[in-house]
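A short worksheet on the structure shown next.
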Amino acid sequence: MFADVIRAVVIDVDDTLCLTEAVCFELENEVLARIGREPMPRAVHLSTWGQPLLEAMPQRSPGLDVTTFALVHQAVLREYVVAGRLDVVAPENLRALDELAAAGRSLMLLTSRTEVEVEHLLAPGHALTGRLAAVYHAGNMRFSKPDGRAFDELLAATGLEPRQCLYVGDSPGDAQAANGAGLRFIACMQSGLRQRTEFDAHRVDAFIDAFPDMVDAITHLEEAPPSPRPARGY
């Protein structure tokens, strides 16, 4: 008996589908400069990377007026997107998505980003248009990672069992959320920001060195005998 067929591949955005930490560091410091704030150190950005932006910013810039930051951030975000500096999906990543779709797998994004932060990824003419069945973000989820309930809307909408879904992400928080929801999890190490030991407290079904490697990793997971999985738990 083999493991369940993976019918849905759910993908994180930052440093999984796109390599973004370095450019987000530059972008956020540009916003801080425009509102008269001192730049944050890179170490602070790295230590809070993976948190929802507006939750992380008071740690990155203590005393910050988050509302003012958010308004200016929207404008700078658009500038970076138009300039092709942010959220560039590599051609090899698009080919990997197409291979997964050709194998009959449904493709979705699940991110802690706000709706404003993902709207350009959903725009007509974007490279992802037509490739994704759904996008889940802070605007249409009741819970955010690392809470396993972040997957509640996705599972309810698709009618799939957690064992039929797999999440691909880059952080221990991604692993924690997938584990909590009962999904299989692949850790993408391409950004170089994480060490494998950081995932020791979580179940990881496979590590990959680059995003396209998940195509073979998923096939191998399906071919392997099933292993006991914990029940969903939050």
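Couple of notes before you dig in:
- Cα gyration tensor shape of region 74-163, rounded if a/c is under 1.5, else prolate or oblate by comparing a/b with b/c: oblate
- Dipole of region 1-139 computed with +1 at Lys/Arg Cβ and -1 at Asp/Glu Cβ about the Cα centre; of LEU86, ALA56, PRO41, farthest Cα towards the positive end is LEU86.
- Projecting the Cα atoms of THR68, TYR167, GLY148 onto the dipole axis of the chain, where Lys and Arg carry +1 and Asp and Glu carry -1 at the beta carbon, places GLY148 farthest toward the positive end.
- The residues neighbouring ASP15, those whose beta-carbon lies less than 11 Å from its own, together hold a net charge of -4 under the Lys/Arg +1, Asp/Glu -1 convention.
- Solvent-accessible area, 1.4 Å probe, carbon plus sulfur percent, for region 168-209: 40
- The order of THR219, THR197 by accessible area, most exposed first and with a 1.4 Å probe, is THR197, THR219.
- Shape call, region 171-213: gyration tensor on alpha carbons, a/c limit 1.5: oblate
- In this view, the solvent-accessible surface of SER61, computed with a 1.4 Å probe and all protein chains in place, comes to about 10 Å².
- In a reduced charge model with +1 at each Lys and Arg Cβ and -1 at each Asp and Glu Cβ, region 1-155 shows a dipole moment near 80 debye about its Cα centre.
- Between region 124-154 and region 169-220, the Cα center-to-center distance that results, in Å: 18
- Taking the 1.4 Å solvent-accessible surface of region 3-141 as the whole, the part contributed by carbon and sulfur is 54%.
- Accessible surface, per residue, of the chain when the full set of protein chains is kept, probe 1.4 Å, Å²: 46
- Anisotropy class of region 24-126 from Cα gyration tensor, a/c 1.5 cut: prolate
- Burial order of peptide ranges 76-82, 107-113, 23-29, 10-16 (average beta-carbon count within 10 Å, highest first): 10-16, 107-113, 23-29, 76-82
- Cα long-axis angle, helix 66-82 against the chain (0 to 90 degrees, to the nearest 10): 70
- Positive contributions from Lys and Arg (+1) and negative ones from Asp and Glu (-1), summed over other residues with Cβ under 10 Å from the Cβ of ARG85, come out at -3.
- The C-alpha atoms of the chain define a longest principal axis, and helix 214-223 lies at about 30 degrees to it.
- Relative contact order of the chain: 26 percent, from C-alpha pairs under 8 Å at least 6 residues apart in sequence.
- Between the residues LEU122, PRO212, PRO225, the greatest Cα displacement towards the positive end of the dipole of region 86-234, with unit charges on the Cβ of Lys, Arg, Asp and Glu, is found for PRO225.
- Counted charge near LEU54, where neighbours are those whose Cβ lies closer than 14 Å (Asp, Glu -1; Lys, Arg +1): -3
- Considered as an equivalent ellipsoid built on the Cα gyration tensor, the chain has semi-axes of 31, 19, 16 Å, the largest given first.
- Acute angle (nearest 10 degrees) that the helix 172-181 long axis makes with the longest principal axis of the chain, alpha-carbon atoms: 50
The values are calculated or read from the model by the stated rules, or taken from the named source; none is laboratory data. Everything quoted here is computed from the prediction, not taken from an experiment. Neighbour counts run over all protein chains shown; Cβ positions are idealised from the backbone, glycine included. Heavy atoms of the whole protein, side chains included, go into the accessibility calculation; ligands, DNA and RNA do not. Shrake-Rupley method; radii C 1.70, N 1.55, O 1.52, S 1.80 Å.
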